[in-house]
Amino acid sequence: MCLATAYVENDGQKEEVMQDVAWIRPESRGLQLTTLLGESKLFQANIKSIDLVKGTIVLEMTTDPSYPSLPER
Amino acid sequence: MKIAVCGKGGSGKSSIVTLLTNGLRKRGYRVLVVDSDESNPGLYRLLGFEKRPTALLELVGGKKNVFQAFSGGSEFPQSILTKDDIQTRDLPPQYTVEKDRVRLVCVGKILQSLEGCACPMGALSREFLKRLSLREDEVALVDMEAGIEHFGRGVEAGVDSVLAVVEPSFDSLELAGKIGVLATEFGIEGAWGILNKVTSEEIALRLREELEGRGVSVIGSIGYDPEVFQAGLEGRPMPCSKAEKDIEGILERLF
């Protein structure tokens, strides 16, 4: 399917974090993922891989100091 | 109860949805018909409405507008579709047409060449049906796109029952068998075949045996009805016909 499922990979384990991702936008503080229904999340992460056939995005969280810390929720 | 009506192209899904709708309405139910077929344009006519409602896809800005909003950095429109629990009364009036306790909503239609695939419609159908909360006197009937791609998109995650419409053809039987398997994989216990356009008892018996051999139980049979055929040819509402009597037996078993 064209809409993707996003995972965060950590120590070789993939955890599903979002379904129906329609858009990915690089922001100064990370990657903003937005679903078809308009729900957004910001991930302090890099893209590890995108599989356009399976519809999967794998993110790896980063501690890159060039990413400012995210505000506390 | 949310019921998905599936089957091969041309098997009569929209006609069966209309017959079920009319039968349920007469039994006192409120019926929400969900047009989840992104291609065929005419379900609203069969149901006797004068126009199709604005597509639910427009609630998220429509394909074109959402892409523009994204590239321009503007806010995404929030809508009832982000609610976890959608009641039929929450649907904004412009997104439904309503008459005699029957409401029609349309997920979205392919309008232009090269506009992209129908995946957003599939995802929207799935999320809408998952979040749709019905009262006891309400039933949702989903007119699916032809074939089985909707299973791949997970639309059936939001329904309780699946009806596979089968016309007298080998491909239709094969597809219904596949639908039965896919519905089972989804954990849907209520999956049945409906025989349609049946011209004789012999044909009905043959189809029933063939389907049961493919693991699909038959819930009822609709005879070939020239009046239904003629209405379909002319784009008229479903007429009162003997097919209405045939659908009664199916409703008896479903409700």
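So here's what we get for this one:
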read-out	value
Qualifying positions in the stretch A:1-57 - at positive phi, surrounded by 14 or more Cβ atoms within 10 Å (Cβ to Cβ) and away from chain B (no Cβ under 12 Å)	A:GLY30
Residues within the stretch B:154-166 that are part of a loop (DSSP other than H, G, I, E, B), buried (at least 24 other Cβ atoms within 10 Å of the Cβ) and within 14 Å of chain A (Cβ to nearest Cβ), tallied	0
Helices (runs of 4 or more DSSP H) enclosed by the stretch B:167-255 - at least 1 residues per element that are in contact (Cβ under 8 Å) with a residue 60 or more places away in the chain	B:170-185, B:226-234, B:242-254
Selection count, the stretch B:31-54, where residues are crowded, with 21+ Cβ neighbours inside 10 Å and over 15 Å from the mean Cα position of the chain (by Cα)	1
Count of residues meeting criterion [assigned to a strand (DSSP E or B) and among the hydrophobic types (A, V, I, L, M, F, W, C)] in the stretch B:88-115	5
Residue, nearest to the other protein chains (Cβ to nearest Cβ), within the stretch B:95-126, restricted to residues that are loosely packed, with under 15 Cβ neighbours inside 10 Å and free of Cβ contacts under 8 Å to residues at least 24 places away in the same chain	B:CYS117
Filter pass, B:GLY28 being surrounded by fewer than 22 Cβ atoms within 10 Å (Cβ to Cβ), farther than 20 Å from B:SER125 by Cβ and touching a residue at least 12 places away in the same chain (Cβ under 8 Å)	yes
Scan of the stretch B:127-144 for residues that are closer than 22 Å to B:VAL166 by Cβ and within 14 Å of chain A (Cβ to nearest Cβ), ordered by number	none
Count - residues of the stretch B:129-150 that are outside any loop (DSSP other than H, G, I, E, B) and farther than 22 Å from B:PHE49 by Cα	8
Extreme residue, nearest to B:GLU58 (Cα to Cα), among residues of the stretch A:36-50 that are touching a residue at least 24 places away in the same chain (Cβ under 8 Å) and in a strand (DSSP E or B)	A:LYS41
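Only the coordinates and a few stated rules stand behind these numbers; no lab work does. Fair warning: this is a prediction, and the values are worked out from it, not measured in the lab. Here the Cβ is made from the backbone with ideal geometry for all residues, glycine too, and neighbour counts use every protein chain on show.
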